[in-house]
Amino acid sequence: MSENSLRAAVNNPSPHAAQLIDSLKPYPSRHYPRGTRLDFIQGGVKVCHIMESGIAELRRSVDQILIVRLTAPTVLGIAVSDAYLVVKETATICTLPQEEVLQRIEERGLWELLARHMMVQTNKIYLYSNQISAPTSYELVRKQLIELINEPESLRNSISVERYIRDKVHLSRTCVMKILSDLKTGGYIVIEVGRLKEIKHLPLKY
């Protein structure tokens with residue numbers, strides 16, 4: 001898979017999500033600001049989050065490690081419980097009990113559509129996991145720089161490049177800052193006030 005195809009597979013929403021969401025209506029939705037945390041178990045009840053707009057991160061509950069970043073539209077919570085969402089750009093989300101969502105899926109004959117959506121989501125997480133299993137620290141940083149430059153400008157401007165990378169990979173701040181400093185000094189990247197502004201060229205090896 002080419003680098004462009006890989007980025008598209010990881011970053012683009014499921015092509016089945018919009019149809020699935022339309023088929024699950026009607027339901028109430030709310031607008032959530034950046035930084036809002038939404039759990040998949042609320043009051044002891046498993047819930048699903050139907051995200052109509054916005055960007056959110058899926059993180060593991062046990063250690064807060066980022067699993068994957070998701071762009072609306074999407075439906076989450078059918079097979080996820082030990083995790084939570086963090087809104088990264090203002091999002092419109094409906095939260096319903098998982099049991100109610102499954103009942104609507106059964107009554108409206110949506111199992112095949114759900115399965116197709118879940119296949120895309122599973123592949124997205126698999127590809128992301130492969131991205132962070134690179135053998136060297138530099139390759140990890142390089143992959144995340146490419147991911148970051150392809151994020152919406154509003155998101156790039158809201159988070160430091162160092163924080164973005166360390167949220168997604170297990171590297172020390174010292175290690176990340178050293179690699180970023182060397183790339184900036186070498187003229188490979190442009191960073192202003194901690195934000196990534198441009199990638200001129202990233203060498204394959206460090």
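Just so you know, all these numbers are worked out from the coordinates, no wet-lab data involved. Remember, it's a predicted structure, so these values are computed and weren't measured experimentally. Heads up, the Cβs are rebuilt from the backbone with ideal geometry, glycines too, and the neighbour counts pull from every protein chain shown.
Checking the cross-link pairs LYS46/LYS168; LYS143/LYS178; LYS124/LYS184; LYS178/LYS205; LYS143/LYS184 against a 22 Å limit on the alpha carbon distance flags LYS46/LYS168; LYS124/LYS184 as lying beyond it. The angle between the Cα long axis of helix 173-185 and the longest principal axis of the Cα atoms of the chain comes to about 60 degrees, rounded to the nearest 10.
The ellipsoid that matches the Cα gyration tensor of the range 43-125 has semi-axes, each √(5λ) in whole angstrom, of 20, 15, 13, with the longest given first.
Top mean-square fluctuation among ASN11, ASN150, ASN130, Gaussian network model of the chain, C-alpha springs under 10 Å? Most flexible of the set in this elastic network: ASN130.
Residues whose amide H lies under 5 Å from that of ILE67, counting only those 5 or more places away or on a different chain, are LEU58, ARG59, ARG60; hydrogens are built 1.01 Å from N in the peptide plane. Within 14 Å, Cβ to Cβ, of LYS25, how many net charges do the neighbouring residues add up to if Lys/Arg are +1 and Asp/Glu are -1? Surrounding charge for LYS25 is -2.
What FRET efficiency comes out for the pair ILE65/ILE41, r = Cβ-Cβ distance, R0 = 22 Å, nearest 0.05? Plugging the Cβ-Cβ distance into 1/(1 + (r/R0)^6) gives 0.75. Using C-alpha pairs under 8 Å with a sequence gap of at least 6, the mean separation divided by the residue count of the range 24-76 gives a relative contact order of 29 percent. Taking the centroid of alpha carbons for each part, the range 39-76 and the range 102-165 are 12 Å apart. For the chain, a crude dipole built from +1 on the beta carbon of Lys and Arg and -1 on the beta carbon of Asp and Glu, taken about the Cα centre, is about 660 debye to the nearest 20. Using C-alpha pairs under 8 Å with a sequence gap of at least 6, the mean separation divided by the residue count of the chain gives a relative contact order of 20 percent. Ordering 31-41, 194-204, 136-146 by mean Cβ neighbour count within 10 Å, with the highest value first, yields 136-146, 31-41, 194-204. The distance between label points at ARG163 and TYR27 comes to 3.0 nm (points 7 Å beyond Cα on the Cα→Cβ vector).
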